[in-house]
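Asks: Sending over a structure as structure tokens; questions will come in a sec.
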Amino acid sequence: MSIRITIACPEGMVSDANQFALCVGNTPADVQTFGAATWEDGSGERYALASLLAGEVFPQTAAAVLQAPAHSPDADVAGAARAQAALQIWAPASPDSFPEVGSGRLVAVIGLDAGLAIPLLGLSPVPVED
């Protein structure tokens with residue numbers, strides 16, 4: 001069975017977060033999990049969002065010791081570890097309070113559709129200039 005995960009990644013952490021996705025993911029394409037930072041919080045900080053289906057063991061996998069996967073032996077494990085250290089995971093059944101997004105924090109919301117997770121994250125699309 002799989003679960004929906006929506007992750008907010010600060011613009012300055014996209015490279016490390018993509019290396020983390022590569023190390024915990026299943027294919028070399030996972031290095032492109034986070035794209036452009038097209039979302040922002042109330043103070044104008046920008047974020048890249050990813051919403052994906054993952055196995056129910058994602059929280060355990062995300063916390064495990066990282067290593068370069070067989071499919072990508074040249075992965076930047078140090079960058080992946082920086083992202084892992086900044087990752088906070090929240091689920092509706094969690095007894096912990098909801099973590100705030102911030103420039104040094106990846107926030108993963110587990111078990112909610114992206115349409116419900118994004119408002120919890122306090123993010124909105126970056127306005128498009130004419």
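The values are calculated or read from the model by the stated rules, or taken from the named source; none is laboratory data. If you're wondering where the values come from, they're calculated on a predicted model, not measured in any experiment. Glycine gets a Cβ as well: all are built from the backbone with ideal geometry, and neighbour counts include every protein chain shown. Each accessible area value is taken on the protein alone, full model and side chains, heavy atoms only, with ligands, DNA and RNA left out. Shrake-Rupley method; radii C 1.70, N 1.55, O 1.52, S 1.80 Å.
Asks: Within segment 1-42, track down each residue that is open to solvent by 40 Å² or more (accessible area, probe 1.4 Å) and aromatic (F, W, Y).
Replies: Result: W39, single match.
Asks: Of these, A50, A75, which one is modelled with pLDDT of 95 or more and within 18 Å of I110 (Cα to Cα)?
Replies: Unique residue meeting the criteria: A50.
Asks: Give the residue, chosen from V65, V57, that is at pLDDT below 95 and not basic (K, R).
Replies: Every option except V57 fails the conditions.
Asks: Mind listing just one residue for me: the one in segment 43-89 that is among the hydrophobic types (A, V, I, L, M, F, W, C) and assigned to a strand (DSSP E or B) and, of those, most open to solvent (accessible area, probe 1.4 Å)?
Replies: Restricting to residues being among the hydrophobic types (A, V, I, L, M, F, W, C) and assigned to a strand (DSSP E or B), the top hit is L53.
Asks: Among the residues that make up segment 9-26, is at least one of them part of a loop (DSSP other than H, G, I, E, B), farther than 16 Å from I89 by Cα, out of contact with any Cys (no Cβ under 9 Å at 6 or more places or on another chain) and without any contact (Cβ under 8 Å) to a residue 12 or more places away in the chain?
Replies: So far as segment 9-26 goes, no, none of its residues is part of a loop (DSSP other than H, G, I, E, B), farther than 16 Å from I89 by Cα, out of contact with any Cys (no Cβ under 9 Å at 6 or more places or on another chain) and without any contact (Cβ under 8 Å) to a residue 12 or more places away in the chain.
Let's see how each residue does on (1) within 14 Å of N18 (Cβ to Cβ); (2) of a type outside the set (D, E):
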position	(1), (2)
A37	yes, yes
E40	no, no
E45	no, no
A50	yes, yes
L66	yes, yes
G115	no, yes
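Asks: Same structure again: Spot the failing condition for P99; the list is (1) in contact (Cβ under 8 Å) with a residue 24 or more places away in the chain; (2) in contact with a strand residue (DSSP E or B) (Cβ under 8 Å, 6 or more places away or on another chain); (3) not in a helix (DSSP H, G or I), and only one is missed.
Replies: P99 satisfies every listed condition except (1).
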